[in-house]
Amino acid sequence: MTGFTFQGQLKNGGVPLDGTVDHQFTLWDAAGSGNPPTGGVQVGGAQVINALPVTAGLFTVTLNAGGEFGGNAFNANARWLQIATRHPAGVGGFVVLAPRQPLTATPHSLFAMNAAALSGQEASFYQNAANLNAGSLPG
């Protein structure tokens, strides 16, 4: 599964938005600077989600479920999410929001990055889990 959940908050003039908004998400290799952000290289393609519900300014979305950011998007290098929105009525183009949002690792992904470095019984257990049979672990 390549998808991940992202939750955000959207305000219009400092007031939390209610309604539906079109969003465009892109992945970057740098935070960039300025408003809208510039700098860095976009990783993979863009993902557009139309008519995304926003309630009291809050929204939740699953990103990259179809591999929109590419097969090598998450390779342990730092990544930032750039978000652009379009007027709820679909009027005009997308407006890029600033700053880009850093994506941080979850505990499971941190473990997976270091699993090969395990030593002793733990590594043997992890790497050979498919070959386990009934019995007890060495104490």
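Every number here is computed from the coordinates shown, using simple stated rules; none is lab data. Here the structure is a predicted model, which is why all the values come from computation and not from measurement.
Odds and ends about this structure:
- Each part gets one Cα centre, and for region 1-52 versus region 55-88 those centres are 6 Å apart.
- Largest-first ellipsoid semi-axes for region 1-103, taking √(5λ) over the Cα gyration tensor eigenvalues, angstrom: 23, 16, 12
- Stretchable slack from ASN72 to ASP18, in nm (0.36 nm times residue separation minus alpha-carbon distance): 15.9 nm
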